Amino acid sequence: MRYYGLQATTRFKKWYEVIAMAAGDLVDAIMSYTKRISYVELFEEVADRNPLKYVFCGRGMELVQLSHPKHGVFFD
């Protein structure tokens, strides 16, 4: 089977760095426009409620530790 265009191994090796730099520049440009939001803000947008607020009394909770059975503690 023959490959033509950029799929051909010699051309791909030749243009790989150019394509990788262009893709990296594109990702950097997109990331500069996006705003990082916290877990609470994301949850409020999706579920319309704050997951770190008690339902009954309305007081706020503090997140102390997150752990996973396989990977252990990943937020402390």
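The values are calculated or read from the model by the stated rules, or taken from the named source; none is laboratory data. Just so it is clear, the model here is predicted, and its values are computed rather than measured. All Cβ positions, even for glycine, are placed from backbone atoms using ideal geometry, and neighbour counts span all protein chains on display.
How many residues does the range 20-64 contain that are assigned to a helix (DSSP H, G or I) and charged (D, E, K, R)? Step through it out loud before you land on a result.
Initial filter on the range 20-64 (assigned to a helix (DSSP H, G or I)): 20-33, 39-47.
Right, trim to charged (D, E, K, R) and you get 25, 28, 41, 44-45.
Within the range 20-64, residues that are assigned to a helix (DSSP H, G or I) and charged (D, E, K, R) number 5.
Identify the residue in the range 12-53 that is more than 30 Å from Val64 (Cα to Cα) and touching a helix residue (DSSP H, G or I) at 6+ places or on another chain (Cβ under 7 Å) and, among all such residues, is modelled with the lowest pLDDT.
Of everything passing the filter in the range 12-53, Phe12 is modelled with the lowest pLDDT.
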